[in-house]
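Structure record follows, encoded as structure tokens.
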Amino acid sequence: IAGKGLNVLITGETGVGKEEIAKLVHILSRRKGEFIVVNCASIPDNLLESELFGYEKGAFTGATQQKAGKFEVAHGGTIVLDEIGEMSPYLQAKLLRVVEKREIEHLGSTRTNKIDIHVISTTNRVLESEIKEGKFREDLFYRLNVIPIHVPPLAERRGDIPIITAYFLEKFLKEHGLGTKEISDGGMEYLVN
């Protein structure tokens, strides 16, 4: 999927590694531009709009110069819209145009700019339920969910625990110069359980 440039929606609980998977898709895509992550849950709506789309000088109080938005910065690369389920309906409508046409307008401008971006979205929400409740746009969902990737929680991937444990143990030992150590079979069984 990485080389196709199709929109990807990565779902799963908080902490399962959705952003790491997005980064891997970007790396494997061989896109030359930047890998930009925007956390839609942590930025208030009015600021998120200017962060994503950029703005012209004088577009609002405090806009003393033109500023490129994250979509422009990601031109030629990948933008990850982290926790897309938190985005307001207003911004969802604006995002739909970006996803469909690959065009943006700065706040305070009528000029349209073409952008070449790979859009990856992540969420810990069940967007199909959000659609039924009127909290998420169905048309946007289908445009973002071209390639769905669901990441199950670690409790459903117990076979990964020994691999993850070995990785972090080796990293910890190297960082602290402690040589080599292993976890006993009983210790590993405890972690897996």
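The values are calculated or read from the model by the stated rules, or taken from the named source; none is laboratory data. Because the structure is a prediction, the values reported are computed rather than measured. For neighbour counting, all protein chains shown are included, and Cβ atoms are generated from backbone atoms with ideal geometry for every residue, glycine included. Remember, those area values only see protein heavy atoms, side chains included, never the ligands or the DNA or RNA. Shrake-Rupley method; radii C 1.70, N 1.55, O 1.52, S 1.80 Å.
Temperature 20 °C, viscosity 1.002 mPa s: under these conditions the Stokes-Einstein estimate for the chain, based on its Kirkwood radius over C-alpha pairs, is 115 µm² per second. The long axis of helix 18-29 is offset from the longest Cα principal axis of the chain by roughly 80 degrees. Counting heavy atoms of the protein chains alone, Arg111 has an accessible area of about 130 Å² for a 1.4 Å probe.
3J(HN,Hα) along segment 127-140, derived from phi through the Karplus expression 6.51 cos²θ - 1.76 cosθ + 1.60 where θ = phi - 60°, amounts to 5, 4, 5, 4, 5, 4, 8, x, 9, 9, 6, 5, 5, 5 Hz, with x in place of Gly and Pro. Length gained on full extension, Phe168 to Lys32: 45.9 nm, using 0.36 nm per residue less the C-alpha separation.
With the cut-off at 23 Å, tell me which of the pairs Lys67/Lys94; Lys57/Lys114; Lys94/Lys114; Lys32/Lys171; Lys32/Lys94; Lys57/Lys94 have Cα atoms farther apart than that.
Correct reply: Lys32/Lys171; Lys32/Lys94.
If R₀ is 35 angstrom, what is the calculated FRET efficiency for the pair Val192 and Glu130, using the beta carbon separation as r and rounding to 0.05? Efficiency, rounded to the nearest 0.05: 0.55.
Using a probe of 1.4 Å on the protein chains alone, the accessible area found for Asp82 is around 30 Å².
Across Lys171, Lys32, Lys57, mean-square fluctuation computed from a Gaussian network of the chain (C-alpha pairs under 10 Å connected) peaks at Lys171.
Could you check which residue among Glu72, Glu105, Glu83 shows the biggest mean-square fluctuation in a GNM of the chain with a 10 Å Cα cutoff? Fluctuation is largest for Glu105. Loop-located GluC sites (Glu not before Pro) across segment 123-193 with a Cβ neighbour count of 12 or fewer within 10 Å are Glu133, Glu182, with loop assigned by DSSP. Three principal axis extents describe the C-alpha atoms of segment 25-88; from largest down they are 41, 25, 12 Å.
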